[in-house]
Amino acid sequence: MKQSNTPEEEQVYEKPSKSEIKRRLEARHHLAEEMSQMTPDKWKQMPIPERLLDALLQTPKVRTHGGIRRHVAYLGKIMGMLPEEEVEAMKQALIKLVGVNRANKMKI
């Protein structure tokens, strides 16, 4: 029996898969983690939205291990809500600040 693939039978997925969404959010989480380890002087050189900047400014006040982990997760959550263009602009600015070699070692 011969199978034919007519246009009605072929499925075209318009939404990204769950795995793709998860990879994007994980990359944003890593970007937030790297940004949290930077100094406020470098943050000023990046195009960071006000809500994220406010959360980043709270980073030095968090001292416990569990608190740091939760705060980075919160930063990642904020980054997850941002449009792709803003995240890409922050990523490119981070690469300019730290250099290509170090950026390649990051998981962003």
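When the dipole is taken about the Cα centre of the chain, and only Lys, Arg (+1) and Asp, Glu (-1) are charged at their Cβ, what size is it in debye, to the nearest 20? Display every interim value, and only then the final one.
Working: 20 positive and 15 negative charges, 154 e Å.
Using Cβ point charges on Lys, Arg, Asp and Glu, the chain gives about 740 debye.
In sequence order, segment 47-64 has phi-based couplings of x, 9, x, 4, 4, 5, 5, 4, 5, 5, 5, 7, 4, x, 7, 8, 10, 7 Hz under the Karplus curve 6.51 cos²θ - 1.76 cosθ + 1.60, θ = phi - 60°, and Gly or Pro positions carry x. How far is helix 65-81 tilted, in degrees, relative to the longest principal axis of the Cα atoms in the chain, given as a value from 0 to 90 rounded to the nearest 10? Relative to the chain, helix 65-81 is tipped by roughly 50 degrees. The C-alpha atoms of the chain define a longest principal axis, and helix 84-98 lies at about 50 degrees to it. Given R₀ = 35 Å, FRET efficiency for residue 74-residue 13 by Cβ-Cβ distance, to 0.05? Approximately 0.65, to the nearest 0.05. Electrostatic bookkeeping for residue 46 treats Lys and Arg as +1 and Asp and Glu as -1; over the other residues with beta carbon under 10 Å from its beta carbon, the sum is +4. Could you sort out which of 15/96; 44/96; 22/61 sit more than 20 Å apart by Cα distance in this structure? Violating the 20 Å limit, Cα to Cα: 15/96; 22/61. Inter-label distance, residue 54 to residue 38: 2.1 nm, where each label sits 7 Å from its Cα along the C-beta direction.
Ranked by the mean number of other Cβ atoms within 10 Å per residue, highest first, peptides 44-56, 14-26 order as 44-56, 14-26. Binning the C-alpha pair distances of segment 18-105 at 5 Å intervals from 0 yields a P(r) profile of 3, 14, 27, 26, 19, 10, 2, 0 %, listed from the shortest bin outward. Put a dot 7 Å past the Cα of residue 61, heading toward its Cβ, do the same for residue 45, and the two dots end up 2.7 nm apart.
Values quoted throughout were computed directly from the atomic coordinates according to the rules given, and no laboratory measurement underlies them. Treat the numbers as computed from the prediction; the structure is a model and nothing was measured. Every residue, glycine among them, receives a Cβ derived from its backbone with ideal geometry; neighbour counts consider all protein chains shown.
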